[in-house]
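Enquirer: Can you read through this structure? Questions will come right after.
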Amino acid sequence: MTDRLSGMTALVTGAAQGIGKSIAKRLAADGATVVVSDINAAGGKAVADEIGGKAIAIAADISDEASVKALYDEISKSTGGIDILVNNASIVPFVAWDDVDLAHWQKIIGTNLTGTFLVTRAGTDQMRANGKQGRVISIASNTFMAGTPNMAAYVAAKGGVIGFTRALATELGQYNITVNAVTPGLIESDGVKASPHNDAFDFVEMLQAVKGRGQPEHIADVVAFLASNDARWVTGQTLNVDAGMVRH
Ligand code: NAD
Ligand code: 4PL
């Protein structure tokens with residue numbers, strides 16, 4: 001759509017479907033070389049093929065340190081290293097509080113919060129080693145503000161991502177790396193469509209100031225702005241993108 005990201009390399013995690021897929025397509029449309037990463041190797045490859053051009057698929061499990069290291073080693077071989085990191089991969093559960101046990105808690109925190117840490121640790125180290133300015137954009141959720149039910153571990157993890165964003169922005173500003181989060185409201189992604197969250201659209205729409213069903217592109221367009229030079233003075237922030245369902 002523009003050339004504002006030409007010359008940039010972007011890593012998008014969880015990009016085989018849903019919001020991550022839409023972000024990968026939008027960043028590529030703005031001229032970036034996009035690394036489409038997902039634990040679902042075949043799905044990631046299909047998205048990279050669909051984008052064509054400079055997109056490449058590299059499978060990785062964000063919750064596994066060795067897998068994340070292998071991802072960045074491969075990125076170093078195939079590109080000049082990343083300029084833009086979009087932490088999008090996560091598990092979106094629907095589990096009532098009475099069914100939340102330690103195993104569920106650790107799985108959700110291990111992927112959605114610790115996985116975001118692992119990918120950001122290695123990703124910002126790569127940016128710094130290459131002497132690049134950078135962008136870290138993490139997809140959190142407006143459930144952190146709304147206290148949405150059936151997602152206690154998920155909401156806690158997303159709150160952790162927002163806190164991590166605030167702290168890391170302070171430490172990485174000296175390298176001209178900005179660190180921001182985006183909090184989508186309910187979005188009609190592949191994952192949501194196949195889950196009980198799909199039944200919440202009418203309720204959520206009632207709470208929205210602007211009516212309609214949230215789409216992956218609503219999030220991708222805002223992520224592309226934060227990735228661009230236009231957002232160079234924005235860091236440590238959480239930008240809520242939910243048609244006005246909640247205020248933050
Ligand atoms: P989705 O379930 O459709 O897609 C998530 C992708 O992440 C999948 O392709 C999956 O394979 C991948 N993934 C899961 N675990 C992984 C791991 N360990 N390593 C690598 N990849 C992994 O989800 P979505 O609805 O598109 O959500 C994308 C992001 O947006 C997530 O961070 C989610 O929490 C957030 N979000 C979604 C909504 C919504 O309503 N859809 C709302 C707010 C925030
Ligand atoms: C408002 O992040 O933000 C359901 C499922 N409803 O995952 C979310 C809202 C869900 C959300 C989310």
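Throughout, read-outs are computed from the coordinates displayed, never taken from laboratory work. These figures come from a predicted structure and were not determined experimentally. Virtual Cβ from ideal backbone geometry, glycine too; neighbours counted across all protein chains shown.
Enquirer: Order the peptides 93-106, 144-157, 20-33, 179-192 from the highest to the lowest mean number of other Cβ atoms within 10 Å of their residues.
Expert: On the way: 93-106: 12.1, 144-157: 19.2, 20-33: 24.9, 179-192: 22.5.
Output ranking for 93-106, 144-157, 20-33, 179-192: 20-33, 179-192, 144-157, 93-106.
Enquirer: Can you tell me the FRET efficiency between Leu102 and Arg166 if r is taken as the Cβ-Cβ distance and R0 is 30 Å, rounded to the nearest 0.05?
Expert: Working: r = 28 Å, r/R0 = 0.92.
Once rounded, the FRET efficiency stands at 0.60.
Enquirer: Next up: Which order, highest average first, do 37-47, 52-62, 166-176 follow once you tally other Cβ atoms within 10 Å for each residue and take the mean per peptide?
Expert: Final packing ranking: 37-47, 52-62, 166-176.
Enquirer: Is there a quick way to get the dipole size of region 128-197? I mean about its Cα centre, with the Cβ of Lys and Arg at +1 and of Asp and Glu at -1; what is the value in debye to the nearest 20?
Expert: Around 220 debye, computed over region 128-197.
Enquirer: Any lysines with Cα under 21 Å of the Lys193 Cα? List them, leaving off those in the same chain fewer than 8 positions away.
Expert: Lys21, Lys25, Lys158, Lys211
Enquirer: Using only Cα atoms, locate the centre of region 3-40 and the centre of region 149-226, then give the distance between them in Å, rounded to an integer.
Expert: 17
Enquirer: Using the Cα centre of the chain as origin and beta-carbon charges of +1 (Lys, Arg) and -1 (Asp, Glu), tell me which of Ser63, Val246, Asn130 is placed farthest towards the positive end of the dipole.
Expert: The one lying farthest along the dipole's positive direction is Asn130.
Enquirer: Select from region 176-220 those trypsin sites (Lys or Arg not before Pro) which occupy a DSSP coil region and have at most 13 other Cβ atoms within 10 Å, ordered by residue number.
Expert: In loop regions of region 176-220 (DSSP not H, G, I, E or B), the sparsely surrounded trypsin sites (Lys or Arg not before Pro) are Lys211.
Enquirer: Next question, about the same structure. Per DSSP H run of n ≥ 4, the term is -39500 (n - 2.57); total these for the chain, divide by its residue number, and report the mean residue ellipticity at 222 nm rounded to 500 deg cm²/dmol.
Expert: After summing the helix terms and dividing by residue count, I get -13000 deg cm²/dmol.
Enquirer: Mean separation of Cα pairs under 8 Å and 6+ residues apart, divided by the residue count of region 164-248: what relative contact order is that in percent?
Expert: Details: 106 pairs, mean separation 38.1, N = 85.
Contact order relative to length: 45 percent.
Enquirer: P(r) for region 135-237, please, calculated from all Cα pair distances in 10 Å bins and given in %.
Expert: 14, 41, 32, 12, 1
Enquirer: Here is a further query. Quick one: dipole size for region 162-248, taken about the Cα centre, charges +1 on Lys/Arg Cβ and -1 on Asp/Glu Cβ, in debye to the nearest 20.
Expert: The dipole magnitude comes to about 260 debye.
Enquirer: Provide Rg and Dmax in Å for the chain, with only Cα atoms included in the calculation.
Expert: According to the Cα coordinates of the chain, Rg and Dmax are 16.8, 50 Å.
Enquirer: Near Lys77, which lysines are there with a Cα under 21 Å away, not counting those fewer than 8 places off in the same chain?
Expert: Reachable lysines: Lys45, Lys54, Lys69, Lys132.
Enquirer: Compute, for region 75-172, the length of the dipole vector about the Cα centre, with Cβ point charges of +1 (Lys, Arg) and -1 (Asp, Glu) only. Units Debye, rounded to 20.
Expert: Rounded to the nearest 20 debye, it is 440 debye.
Enquirer: So what's the net charge close to Val204: Lys and Arg +1, Asp and Glu -1, counting the other residues with Cβ under 12 Å from its Cβ?
Expert: Charge balance in the 12 Å sphere: -3.
Enquirer: Which whole-number percent is the relative contact order of region 1-118 (Cα, under 8 Å, 6+ apart)?
Expert: 26
Enquirer: Let me check the size of region 1-57 from its C-alpha atoms; what are the radius of gyration and Dmax in Å?
Expert: Expressed in Å, the Cα Rg and Dmax of region 1-57 come to 9.9, 30.
Enquirer: Residue separation times 0.36 nm, minus the C-alpha to C-alpha distance between Lys211 and Arg232: what's the value?
Expert: 4.5 nm
Enquirer: Could you work out the relative contact order of the chain, using alpha carbon pairs under 8 angstrom and six or more residues apart, expressed as a whole percent?
Expert: 20
Enquirer: Want the number for Asn40 to Ser76: 0.36 nm per residue separation, take away the alpha-carbon distance, what's left?
Expert: 10.8 nm
Enquirer: Going out from 0 in 5 Å bins, what whole percent of all Cα-Cα distances in region 203-248 drops into each bin?
Expert: Whole-percent P(r) values from 0 Å outward: 5, 20, 23, 23, 15, 10, 4, 0.
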